[in-house]
Amino acid sequence: MKKSTNITRLLLLTAFLAILAFPQHANSQSNLMYGSSRNPLMNSANPAFFPSHSKVYISLPNANINFTSPLSYNSIFQYDSTQQKTYINANSIIDTLTDGSALRFGTGIYPAGLGIDFGNFFLTLSAMAKVDMGMSMPSGLLTFLTEGNYGHTGDDVIELLNGDLIGARVYGEGALGFGIRLLDNNLTIGARAKLLVGYMDLSNSASSLTIRTAEDYSSMTADLNLDMNMTSCLDITKDTNSGTTSVKVRTVMPKNFGMNFDLGVRYTIGKFDLSASILDFGPGIHWTDGVKKIVSANENNSFTFTGLDVSEAMQGGTMDSTFTRMLIDSLKSLSEYKVIDGGEGYWTSIPTKVNLGGMFNVTDWFSAGLLFHGEFDRGVVKVGEVFKTKTTGFHSRTTLMARAGFKDWIEVVAAASVISSKGDWSFFNPGVGITLTPFRTLQIYTFLDYISNIYLVDAKQFNISFGLNLFFGKGSSK
């Protein structure tokens, strides 16, 4: 049974699990925000950045949205002008995807923020809601789709799903930060403490899906082991009799708490402005409230496919429904799951970010420089009584940027970034942003960054930030 194509339903099950394969992922910021000199929320990228253009600022609701995909619209769909129809290009999808390729999505909503400039030091307060998730192509699945099971027999197991597959979460963040100026205001250091409250999490523990082919290719056996951590402010229950699933709100203030820290430094020497920061350094979130586990319903969870016996499957020239029903029931049994008590709980990390910046102030109104942003994806950081930190991926953005300010009420920034994600490089990703501060009281801003292509049908990534700020009083510097 070389390169068997008679396992369509098994592949559909694999695809379904792949859709649930969320790797740990950062809620990525825009380097344009880091390089801004007028927007006080630049402090969120480096706690050493003084929001000093006013005595007090109030951040009104604003948002950041980040999206990254290994596939563009044109990579998935192709238009046939002869037949005048659009179809899915499977060959293009397989050729484009590589092991570890990920669909990444993150969003952050700032309901409110406050900053106060006291001259030589400042304080900031902020509240934020975050959603981090992604979807990756599991290791081994592409190889199986392109090469099938040929060459894998006996004890040679094909791993379709393994490793740290899942990491999707919703959480809140409350932060208190401060900064202080030293060395005649040339050196600024800052720090921020973050209280984290987790609302939902889905984290892989030890889920796997493997396929083993008999020595004589007479059969294929699939083994599925579901083992996932799940915590939610919702109650999700499954009726074992009817098979239906019900959802209801369990609590609006779950007891899943955690703590992280931000550190930053900024040093100016002549026309040079140098800075560095590390964000979300700490243990992350301890999930203890409503912890569940999703596990396979059957202890020996395997399915053996021996091909189709035409004499049994075909009766009177038509497919025997009894035979097909048995096949479908076997696949359904393989995918059955149950939700059980998750025990004492577990920890998950928030991906750690690092920023390095260097700007050269050509004139009072024009600057240019280089900015670097890196993110470390990590999985579950505590198993039992032992803390573990495992980096599951690294993503970086290196940005060449220029900014110009006009009459203290408008700032324009333009940039081009080189992006790397798990060894996949993208060399030209432009960005542009504008910040308007009419009457020096109301500020309106929009940043659109990491645009992989100006044609939307070919775009694979972008980052957008937008919002409003209010300024009161004159700050310690212009």
Residue count for the stretch 352-370, restricted to those that are out of contact with any Gly (no Cβ under 9 Å at 6 or more places or on another chain) and not in a strand (DSSP E or B): 2
Count of the stretch 43-65 residues which are crowded, with 19+ Cβ neighbours inside 10 Å, modelled with pLDDT of 90 or more and not in a loop (DSSP other than H, G, I, E, B): 4
Subset of the stretch 93-109 that is at pLDDT 65 or above and buried (at least 21 other Cβ atoms within 10 Å of the Cβ) - its residue that is farthest from ASP377 (Cα to Cα): GLY106
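Conditions (1) open to solvent by 30 Å² or more (accessible area, probe 1.4 Å); (2) part of a strand (DSSP E or B); (3) basic (Lys, Arg); (4) over 30 Å from PHE122 (Cα atoms), marked per residue:
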| site | (1), (2), (3), (4) |
| --- | --- |
| ALA191 | no, yes, no, no |
| GLY198 | no, yes, no, no |
| LEU202 | yes, yes, no, yes |
| LEU224 | no, yes, no, yes |
Some residue of the stretch 208-220 being in contact (Cβ under 8 Å) with a residue 40 or more places away in the chain, charged (D, E, K, R) and open to solvent by less than 30 Å² (accessible area, probe 1.4 Å): no
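Per-residue answers, yes or no, for (1) among the β-branched types (Val, Ile, Thr); (2) at pLDDT 70 or above:
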{"site": "THR143", "(1), (2)": "yes, no"}
{"site": "LEU160", "(1), (2)": "no, no"}
{"site": "ASP164", "(1), (2)": "no, no"}
{"site": "ARG169", "(1), (2)": "no, yes"}
{"site": "GLU173", "(1), (2)": "no, yes"}
Selection from the stretch 110-127 of residues that are at positive phi and open to solvent by 50 Å² or more (accessible area, probe 1.4 Å): none
Lone qualifier among LYS271, LYS255 - being touching a residue at least 24 places away in the same chain (Cβ under 8 Å) and closer than 30 Å to LEU195 by Cβ: LYS255
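Out of PHE394, PHE466, which single residue is of a type outside the set (Lys, Arg), open to solvent by 40 Å² or more (accessible area, probe 1.4 Å), at pLDDT below 85 and assigned to a strand (DSSP E or B)?
Values: PHE466 fails: at pLDDT below 85.
Just a single option satisfies the conditions, and that option is PHE394.
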Test: residue in the stretch 66-83 that is of a type in the set (Gly, Ala, Ser), over 21 Å from the mean Cα position of the chain (by Cα), modelled with pLDDT of 50 or more and more than 30 Å from ALA191 (Cα to Cα): yes
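Residue-by-condition table, conditions (1) touching an Asp or Glu at 6+ places or on another chain (Cβ under 9 Å); (2) at pLDDT 75 or above; (3) over 30 Å from SER367 (Cβ atoms):
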site	(1), (2), (3)
LYS238	no, no, yes
SER242	no, no, yes
ASP280	yes, yes, no
SER296	yes, yes, yes
ASP341	no, yes, yes
Residue within the stretch 359-377 that is within 21 Å of LEU448 (Cβ to Cβ) and modelled with pLDDT under 90 present: yes
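The values are calculated or read from the model by the stated rules, or taken from the named source; none is laboratory data. Not measured: the values here are computed from a predicted model. Note that each Cβ is placed from the backbone with ideal geometry, even for glycine, and that neighbours are counted across all protein chains shown. What goes into the accessible areas is simple: the full protein's heavy atoms, side chains included, and nothing from ligands, DNA or RNA. Shrake-Rupley method; radii C 1.70, N 1.55, O 1.52, S 1.80 Å.
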